[in-house]
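See below for the structure under consideration.
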Amino acid sequence: MKALLVLLVGWIADLFIGDPERLPHPIVWFGKLIGWGERLLNRGCCRLFTGGLMTIVLIGAVYAGAYYLFEWIDSISVRWGMVLKAIFVFYCLAGTTLIREVRKVFEAVDRSLEEGRQQVARIVGRDTSELSAQEVRTAALETLAENLSDGVVAPVFWYAVLGVPGMLAYKMVNTLDSMIGYKTERYRKFGCLAAHIDDVANYLPARLTTLFMLLVTGRLRLLNFVTWFGRRHTSPNSGYPEAALAGILDCRFGGPHYYFGELVEKPYIGTNDRPLTTADMEKALSINRRVEIVVMILTMLILFWSRLPFAYSN
């Protein structure tokens, strides 16, 4: 029951607060640590080794550090241990912040293209300086679909499997991938292992996200569409939730984009290259919130069921 309560409190905090911009954030610290390590180690002829070593050390250190920290605090006060765990759950979830950021992108690009480019640059890794208004909106919705998995479903999945230490370790995996997991000249070798670990960590969550997106909209008939376009994506995971949203909205995502000055070719997802509107954004945000609610309820039921005495009987 403690695990259920910790998740519930952390989720409610995220629903009403979102990421606190003025408070220290562990994911920001992860990013700074990765950036420091990348500048120090991403050089010479052994980038595959040094990047892999950094990746393993950081993920292992986060999991072990969190595990022993919570063990120590629980030994002093279980109540304060639960409070600290709930705070970290709150920090690991990004549902509300993601919705806010995507809404801001659409509002900004309606005011001016340059403002829209600047706003979408906050949530995507691609070069946004030359994006059209349509491409700005497309980038925001692609990120919305991908990060429904990365920012909500996957953290909750790993919480259910490995608790808060697993949740934090997953966020380190995801942050590593978002910073060094690119197939550009600079990161191809150094971020190779980080990208592969992220692929493994997100394999089930991405497909669960896709299934829930189709279920909450009653669009299970899009499974063939999602399978066809999802597996064409350069990522083994991101393409599936993106394909689900493209199918639901009857639009087209993907295409070539610049990352760190290099053109990266990505296949198109969907066929209807129509203008995206605020109504599409509102529909997509509604889907995200409904999937989040379903995932949380199911996870809490699983946590509750697993604590019942008869749950362990054969």
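The values are calculated or read from the model by the stated rules, or taken from the named source; none is laboratory data. Since this is a predicted model, take the numbers as computed values, not measurements. All Cβ positions, glycine included, derive from the backbone under ideal geometry; neighbour counts span all protein chains shown. We work out accessible area using only protein heavy atoms, side chains counted, and drop any ligands, DNA or RNA first. Shrake-Rupley method; radii C 1.70, N 1.55, O 1.52, S 1.80 Å.
Where in the range 164-261 are there helices (runs of 4 or more DSSP H), lying fully within it, with 1 or more residues that are within 30 Å of LYS85 (Cα to Cα) and of a type in the set (Ser, Thr, Tyr)? Let's see the steps before the verdict.
Numbers: elements: 192-217, 223-230, 239-249.
Hits in the range 164-261: 192-217.
Listed conditions (1) open to solvent by 40 Å² or more (accessible area, probe 1.4 Å); (2) modelled with pLDDT under 95 are all met by LEU220, apart from (2). Being surrounded by fewer than 20 Cβ atoms within 10 Å (Cβ to Cβ) and either closer than 22 Å to GLY65 by Cα or in contact (Cβ under 8 Å) with a residue 24 or more places away in the chain (or both): is that true of ASP110 here? Judged against the criteria, ASP110 is a match. Scanning the range 48-62 for residues that are surrounded by 19 or more Cβ atoms within 10 Å (Cβ to Cβ) and of a type outside the set (Val, Ile, Thr) yields GLY51, GLY52, MET54, LEU58. Considering the range 273-298, the residues that are surrounded by fewer than 21 Cβ atoms within 10 Å (Cβ to Cβ) and closer than 14 Å to CYS251 by Cα include one that is modelled with the lowest pLDDT, namely ASP273. Return yes or no: is ARG39 outside any helix (DSSP H, G or I) and open to solvent by 90 Å² or more (accessible area, probe 1.4 Å)? Spelling it out, it is not the case that ARG39 is outside any helix (DSSP H, G or I) and open to solvent by 90 Å² or more (accessible area, probe 1.4 Å). For the range 121-140, the criterion of being within 16 Å of PRO26 (Cβ to Cβ), in contact with a helix residue (DSSP H, G or I) (Cβ under 8 Å, 6 or more places away or on another chain), touching a residue at least 60 places away in the same chain (Cβ under 8 Å) and open to solvent by 10 Å² or more (accessible area, probe 1.4 Å) is met by none of the residues. Residue check: is ILE287 among the β-branched types (Val, Ile, Thr), free of Cβ contacts under 8 Å to residues at least 24 places away in the same chain, more than 30 Å from THR184 (Cβ to Cβ) and not in a loop (DSSP other than H, G, I, E, B)? Spelling it out, it is not the case that ILE287 is among the β-branched types (Val, Ile, Thr), free of Cβ contacts under 8 Å to residues at least 24 places away in the same chain, more than 30 Å from THR184 (Cβ to Cβ) and not in a loop (DSSP other than H, G, I, E, B). Within the option set LEU220, LEU208, LEU215, being free of Cβ contacts under 8 Å to residues at least 24 places away in the same chain, farther than 17 Å from MET172 by Cβ, out of contact with any Gly (no Cβ under 9 Å at 6 or more places or on another chain) and of a type in the set (A, V, I, L, M, F, W, C) holds for one residue only, LEU220.
Going by the structure shown, is PHE90 buried (at least 16 other Cβ atoms within 10 Å of the Cβ) and touching a residue at least 60 places away in the same chain (Cβ under 8 Å)?
Working: buried (at least 16 other Cβ atoms within 10 Å of the Cβ): yes; touching a residue at least 60 places away in the same chain (Cβ under 8 Å): yes.
For PHE90, the condition - buried (at least 16 other Cβ atoms within 10 Å of the Cβ) and touching a residue at least 60 places away in the same chain (Cβ under 8 Å) - is met.
Going through (1) farther than 30 Å from VAL83 by Cβ; (2) open to solvent by 10 Å² or more (accessible area, probe 1.4 Å); (3) over 13 Å from the mean Cα position of the chain (by Cα); (4) not aliphatic (A, V, I, L, M) one by one, TYR159 falls short only on (1).
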